[in-house]
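What follows is a single structure, written as C-alpha cells, with notes after it.
The values are calculated or read from the model by the stated rules, or taken from the named source; none is laboratory data. Please read these numbers as outputs of a predicted model, since none were measured by experiment. Because the Cβ atoms are built from the backbone with ideal geometry, glycine has one as well, and the counts that use them run over all protein chains shown. All accessible areas refer to the heavy atoms of the entire protein, side chains included, with ligands and DNA or RNA removed. Shrake-Rupley method; radii C 1.70, N 1.55, O 1.52, S 1.80 Å.
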Amino acid sequence: MKFMVWLFCALAALPAAAQDAYPAKPVRVLVPYGPGGATDIIARIVSAKLTESLGQSFVVENRPGANGNLALEAAAKAAPDGYTLLVGNVSTNAINESMYAGQLSIRPSRDLAAITKLVEIPHIVVANASFPAKNIAELVALAKKEPGKINYTSAGMGSYPHLDMERFMKASGTQMTHVPYKGGAGQAIPAMVAGEVQLAFFNMASLLPHIKSGRLKALAAIPAQRLPELPDVPTLAEQGYPGIGTNAWQGMFAPAGTPKPIVDKLYASVSAVLAKEKASLADKMMVVEVSPSPAAFTEEVRREAQAWGDFVRSANIKVE
C-alpha cells in the first residue's frame, strides 16, 4: 500500500517537474511574415534575450503565407507544451478570425493562449519619395482626379493596413487599388521604395530608416499627437480625418492548453526582458506595453476580435 501511494505521488509530480524544468530543449517562435517587418523585429529581439535568460535557444521561424494564417494554424495545432510559440499582431490574432472565417480551421482567440502584449508601434501614412502628393489634402485631390490609379500596399487582404485604408477611402470618398504582399512589410516596403506601389498605412519601426534616408516620405502621423521623430508631419486628425488608423500591437501566444505554469513562466520572463530593453526598443519606435496578466491579454484580444469583426461585416469586406 505504501508503495502504491508513493508511486501515485511520484507520477502526479512528473508534469509539475517537467513544467518547472521548462524549457528543457529549444523553443520554436513562429512569425507569420517574412524577415524585416515589425513582427519579425520584435520576435528576434525577445527570442535572443529569452535564449540568454532561460538557457535554451528560442529560434525564430518565419512562416509567411495566407496572410498569416499558415503560422496561426501551425501554432494552434502544435503540442501545447511551450515549445512552439507565436509572435503575432492585431491583424493575425484579432482580424483574421472574421476576415478568414471560412478558410481558417481554427479560431485564434480560442485556440491560442495569449501570453502578453509586447509592444505597440505608432503608424503613419507613407508614400514613395516620388509620389506627387505631399500631404493628405493633395493625396485626396489626386485620388479623386484619377480613381483607382494610385496603388496602396499592405501585409495582406484583411490586415490592419488594408482595413485602415478602406476606412480612409470611405471617409475621403476616394478609390485606390490594393496591392498586398504575402511577406508582410518586409516585402511591401522595398516595393514601395522601388515605386512598384505608392502608398500605405505602415508602422514606424519598419519605416523610419527609409524616411530619414529620403527613400520614403510621411504624409500623416496616426497618433493623437505629432511624433517627436517627425515633428513637421501633421497627424491624420489635424488633416481632417480623426479616428482612422491603428497604432498596432505585437504579442506572444502559445497553443491553447499550454500548462499555466509554463504560460506564467513565459509571461514573467518576457516581462523581465522587455523591462530591460525598453529604452533600446523606444529607439526603434516600439513602445513596450506588457499586459497586466495573460488573462488580461486574452480578454483584450477577444474584445478586439469582436470589434474588428463588426467592422468587416458592416463594411462588407470579403476575401476575393
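How many nm is it between the label spots at Lys145 and Glu196, if each spot is 7 Å from the Cα in line with the beta carbon?
Each label point lies 7 Å from its Cα, and together they span 2.7 nm.
Counting only DSSP beta bridges with both residues in the chain, what percent are antiparallel, rounded to the nearest 5?
Working: 23 of 37 bridges.
Antiparallel bridges: around 60 percent, rounded to the nearest 5.
Once neighbouring chains are kept in place and the probe is 1.4 Å, which whole percent of the accessible area of the chain is contributed by carbon and sulfur?
Numbers: 7860 of 13770 Å².
Its accessible area is 57 percent carbon and sulfur atoms.
Give the angle, between 0 and 90 degrees and rounded to the nearest 10, that separates the Cα long axis of helix 2-20 from the longest principal axis of the Cα atoms of the chain.
Taking Cα atoms only, the helix is inclined about 20 degrees.
Along the charge dipole of the chain, pointing to its positive end and built from +1/-1 on Cβ of Lys, Arg, Asp and Glu, which listed residue (Ala143, Met157, Leu266) has its Cα farthest out?
After comparing all options, I get Met157.
Quick one: helix 160-172 against the long Cα principal axis of the chain, what's the angle to the nearest 10°, folded into 0 to 90?
30 degrees
Taking only protein heavy atoms into account and a 1.4 Å probe, give the accessible area per residue of the chain in Å².
Details: 13770 Å² over 320 residues.
Per-residue accessible area for the chain comes out at 43 Å².
Going by average Cβ neighbours within 10 Å, how do the peptides 242-249, 135-142 rank, with the highest at the top? Don't skip to the end; give the middle numbers.
Details: 242-249: 18.6, 135-142: 17.0.
Highest mean packing first, the order is 242-249, 135-142.
Just round it to a whole percent: the fraction of Cα-Cα distances in the chain exceeding 36 Å.
So the pairs more than 36 Å apart make up 21 percent of the total in the chain.
In nm, to one decimal, how far is the Lys212 label point from the Thr177 one, both placed 7 Å along Cα→Cβ?
Taking the simple label geometry, Lys212 and Thr177 are separated by 3.5 nm.
Sorting check: for 23-29, 204-210, 100-106, which peptide has the highest mean count of neighbouring beta carbons within 10 Å, and how do the rest follow?
Details: 23-29: 16.6, 204-210: 21.1, 100-106: 13.9.
Ranking the peptides 23-29, 204-210, 100-106 by packing returns 204-210, 23-29, 100-106.
Restricting to bridges with both residues inside the range 105-219, how much of the DSSP beta-bridge set is antiparallel, in percent to the nearest 5? Kindly include the intermediate steps, with their values, before the conclusion.
Numbers: 8 of 13 bridges.
Antiparallel bridges make up about 60 percent of those DSSP assigns within the range 105-219.
Which value in Å does the Kirkwood hydrodynamic radius of the range 172-320 take, with 1/r averaged over all unlike C-alpha pairs and then inverted? Before the final figure, lay out the partial values.
On the way: mean 1/r = 0.0544 Å⁻¹.
One over the average 1/r among Cα pairs gives 18.4 Å for the range 172-320.
In debye to the nearest 20, how big a dipole does the range 38-143 give about its Cα centre with +1 on each Lys and Arg Cβ and -1 on each Asp and Glu Cβ? Show your work: numbers first, answer last.
Working: 8 positive and 9 negative charges, 11 e Å.
Here the range 38-143 has a charge dipole of around 60 debye.
For the range 288-318 and the range 69-146, what is the separation of their Cα centres, given in Å?
11 Å
Where the only charges are on Cβ atoms (+1 Lys, Arg; -1 Asp, Glu), what is the dipole of the chain about its Cα centre, to the nearest 20 debye? Don't skip to the end; give the middle numbers.
Values: 30 positive and 26 negative charges, 43 e Å.
Charge dipole of the chain: 200 debye, to the nearest 20.
Dimensions of the range 61-140 along principal axes (Cα, Å, largest first)?
Extents along the principal axes, in whole Å: 52, 29, 20.
Could you tell me which residue out of Leu230, Ala127, Ser105 lies farthest along the dipole of the range 100-247 toward its positive end? Charges go on the beta carbon: Lys and Arg +1, Asp and Glu -1, centred on the Cα centre.
Ser105
What's the extension gain from Lys276 to Val319 if we count 0.36 nm per residue and subtract their Cα-Cα distance? Could the numbers behind the result be given before it?
Details: separation 43, 0.36 × 43 = 15.48 nm, distance 4.10 nm.
11.4 nm is the gain from fully extending Lys276 to Val319.
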